[in-house]
Amino acid sequence: MTGRPPSIRDVAEVAGVSTATVSRTLSNPDVVSEKTRESVFHAIQETGYRLNVTARNLRRQESGGIAVLVPNLSNPFFARILSGIAEIMSEAGYNVLITDTSPMSHDEHRFPEYFRLNQTDGLIILDGMLNRELLLNRGAPDARAPMVFACEWIDEIRRPTVTIDNRAASEMAVRHLVRLGHRKIGHVGGPPDNVLTTSRRDGTREALRAAGLPVRADWFYDGDFSLDSGAAAARSWLASKDRPTGIHLASDEMAMGFIGELHRAQVSVPQDVSVVGFDDLEIAPHFVPPLTTIHQPRIEIGRAAAKMLLERMRTPPQDRTRRPAPRVVLPVELVERLSTAPPP
């Protein structure tokens, strides 16, 4: 090599392919063979070539970044999903801008200006409670940045979605309690009107009915996925004379808040009541007691959403509306730990 910076032509020469193939591999690696990708990436490493992202984005009229809208960044549930998104987007040469939508949920005027002006190349939305009109009215249809939902979704907006079968997952949690011998089973739900709350509550009810067990309104406690709401549900449980012996909570954070409050009241889990969570957070196996829960493949959710968005971004705007919006449903599993046992 000379003293000049390595060029795409140098990469092509070392890889033994055309400059067009190098460009295609960098912009859309899925369309070339694995052998070609390996040759090009090896040549990039050997030559020290660095893609001029700014110039590429100007040629494409792109910003070079995507936005991810998250309902609560303090919730550890989202960390692995964001990691999966960042992994795929980084490989494709895009920056990831993460925005907490908590302050925006009830005030559409607080949405950032980049969102209104479509100054990102794509959106991944993890918040199903956002303003529907704002999401749909972002300028002319052929100028809107493509959008993908992950985890949560909005029924009225037909866009690609990556999720799990939340209803079936809650049925799985309740069946576990039934197998242990529990006949008095309750549930702590999430925020009102949230699609996950509805699905998980419906799954709990269906599993109880299928087992011939009562579905009692006083054993269905309100929550909002937070530690505090789990603790509040525990206080309601403690105040009741006729208590369920098994509880399925719609998030691990609520389950941990529930167990913590019972511990302060000197009530033992699982000796006095069994607890099943939902999510399988990193802390779940280290909690006391280790939490039985539904494992969500969160990194895979993030990766799948990012790949789906990249495909959408590469589809001409006029073709996006003609194609059906795909829905990817990833599998879950019950992870049995020490927070569940036969009833007292």
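Each residue in 272, 10 was given a count of other beta-carbon atoms within 10 angstrom of its own, and listing them fewest first yields 272, 10.
Along the charge dipole of the chain, Cβ charges K/R +1 and D/E -1, which of 90, 20, 7 sits furthest on the positive end? Of the options given, the answer is 20. With the simple model of a label 7 Å out from the Cα in the direction of the Cβ, residue 338 to residue 242 spans 3.4 nm.
Determine, for each peptide in 186-192, 20-26, the mean count of other beta carbons within 10 angstrom over its residues, then list the peptides with the highest first. Spell out each step's value before the answer.
Numbers: 186-192: 23.6, 20-26: 18.4.
Answer by packing, highest mean first, reads 186-192, 20-26.
Secondary structure note: in the chain, about 10% of the DSSP beta bridges are antiparallel.
The loop-placed GluC sites (Glu not before Pro) in region 236-334, going by DSSP, that have at most 14 neighbouring Cβ atoms within 10 Å of their Cβ come out as 282. Here the sum of -39500 (n - 2.57) over DSSP H runs of 4 or more residues, divided by the residues of the chain, equals -12000 deg cm²/dmol at 222 nm, to the nearest 500.
Here the dipole of the chain is about 660 debye; that uses its Cα centre as origin and unit charges on the Cβ of Lys and Arg (positive) and Asp and Glu (negative). Evaluating kT/(6 pi eta Rh) at 4 °C and 1.567 mPa s, with the Kirkwood radius of region 208-251 over Cα pairs in the Stokes-Einstein relation, gives 113 µm² s⁻¹.
Here region 241-285 and region 144-168 have alpha carbon centers that stand 29 Å from each other.
Each residue in 35, 241, 184 was given a count of other beta-carbon atoms within 10 angstrom of its own, and listing them fewest first yields 241, 35, 184.
In a Debye calculation with equal point scatterers on the alpha-carbon sites of the chain and no solvent, what is log10 I(q)/I(0) at q = 0.10, 0.11 Å⁻¹? For the chain at q = 0.10, 0.11 Å⁻¹, log10 I(q)/I(0) is -0.69, -0.79.
The share of Cα pairs per 10 Å bin across region 166-297, counted from zero up to the longest distance, runs 14, 51, 33, 2 percent.
Look at the alpha carbon pairs under 8 Å that are at least 6 residues apart: their mean separation over the length of the chain gives a relative contact order of 17 percent.
None of the figures in this text is laboratory data; all of them are computed from the coordinates on show. The structure displayed is predicted, hence computed values, not measured ones. In this analysis, Cβ positions are derived from the backbone assuming ideal geometry, glycine residues included, and neighbour counts consider all displayed protein chains.
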